[in-house]
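Below is one structure; the comments refer to it alone.
Just so it is clear, none of the values below were taken in a lab; they were calculated from the coordinates. Just so you know, these numbers come straight off a predicted model, no measurement behind them. Here the Cβ is made from the backbone with ideal geometry for all residues, glycine too, and neighbour counts use every protein chain on show.
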Amino acid sequence: MYTTLISVTQLQTLMASGQPLMVFDCSFELMKPAEGDAQYAACHVAGAVRVDLDRHLSAKGAPDAASGGRHPLPSRETFAAWLGSVGFRPDMQAVVYDRQGANYCGRLWWMLKWAGHEAVAVLDGGLQAWHAAGGAMASGAAAEIQVSNYPLAHVLARLVDTNTIAGQLARPTQTLLDARATPRFRGEVEPLDPVAGHIPGALNRPFQHNLDANGFFKPAPELRAEFETLLAGRDPASVVHHCGSGVSALPNLIAMEIAGLGRAALYAGSWSEWCSDPQRPVAQG
């Protein structure tokens, strides 16, 4: 069972073994939402199921959404129904990837843990690594699937809401870690949300810092050293990851787990939910 990363070679071996497996293509472009579908149609890992951040991993306007923000989480029940609709089963190993530096596939990785499915891993290096290694590719629409019934299991990921964040501000029991680019964190620019800045007391680690120059996650010892330097003695178990809308925070969360620092919490509503109420404090700089 793979639970954090899976290499191209490991995935090829798994495919050849006949073990129950489903691969998900989570490619997405935030400023051009239709582009992910076009990228999938052009080329994808052979047999991969198409997943769209807006359509499948978010629940904007849904009365039962599990979080706020620009990309609110669907309820666990809604997500389980979607998993069943694509034929996913509890006995399957899930492998998720994108072609955007693990920025989007981490969302599905986390949501599967949240649904109680531990056997999910990110394809290290994404589609680029698969293609470079000569992995089997396909284009066009996905093949037909056989619908299943996916039963929810015990939650394996911790979700934190806005009230919890507000109630723990400036307390040592909570360490906020913001994955947005540093100029956004400082409040120098804000291209997406109505208020610029960050939650008071938050630390900043842009999610791209988890990858090396070739698009692979850095080795575990290197990641551990970087996070320990950033946390400066703070308890890794106190970390709550967030970003703009609960998506790009996930590479940081995954990287901490790769580093052996445990599975930290996620504030899915993130900055977009926090700044929606003018009564909440905002920091800049």
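In segment 204-223, how many are of a type in the set (D, E, K, R), farther than 12 Å from L253 by Cα and buried (at least 16 other Cβ atoms within 10 Å of the Cβ)?
Result for segment 204-223: 1.
In this structure, does V155 turn out to be touching a helix residue (DSSP H, G or I) at 6+ places or on another chain (Cβ under 7 Å), surrounded by fewer than 16 Cβ atoms within 10 Å (Cβ to Cβ) and within 22 Å of S67 (Cα to Cα)?
Yes.
Give the residue that is farthest from M256 (Cα to Cα), with candidates limited to residues of segment 110-131 that are out of contact with any Cys (no Cβ under 9 Å at 6 or more places or on another chain), hydrophobic (A, V, I, L, M, F, W, C) and touching a residue at least 60 places away in the same chain (Cβ under 8 Å).
W130
Can you confirm whether segment 49-69 contains a residue that is in a loop (DSSP other than H, G, I, E, B), in contact (Cβ under 8 Å) with a residue 60 or more places away in the chain and over 19 Å from the mean Cα position of the chain (by Cα)?
No: zero hits.
Looking at segment 9-48 only, could you name the residues that are part of a loop (DSSP other than H, G, I, E, B) and closer than 26 Å to A81 by Cβ?
Within segment 9-48, Q19, P20, C26, S27, F28, L30, P33, A34, G47, A48 meet the criteria.
So is V160 over 22 Å from P20 (Cα atoms) and either within 19 Å of the chain's Cα centre (by Cα) or in contact (Cβ under 8 Å) with a residue 40 or more places away in the chain (or both) or not?
Answer is yes for this residue.
Which of (1) surrounded by 14 or more Cβ atoms within 10 Å (Cβ to Cβ); (2) in contact (Cβ under 8 Å) with a residue 24 or more places away in the chain does G260 not meet, given it meets every other one?
Result: G260 passes all but (1).
Which of the residues spanning segment 7-35 are within 14 Å of L108 (Cβ to Cβ) and either of a type in the set (A, V, I, L, M, F, W, C) or over 19 Å from the mean Cα position of the chain (by Cα) (or both)?
Passing the criteria: M22, V23, F24, C26, F28.
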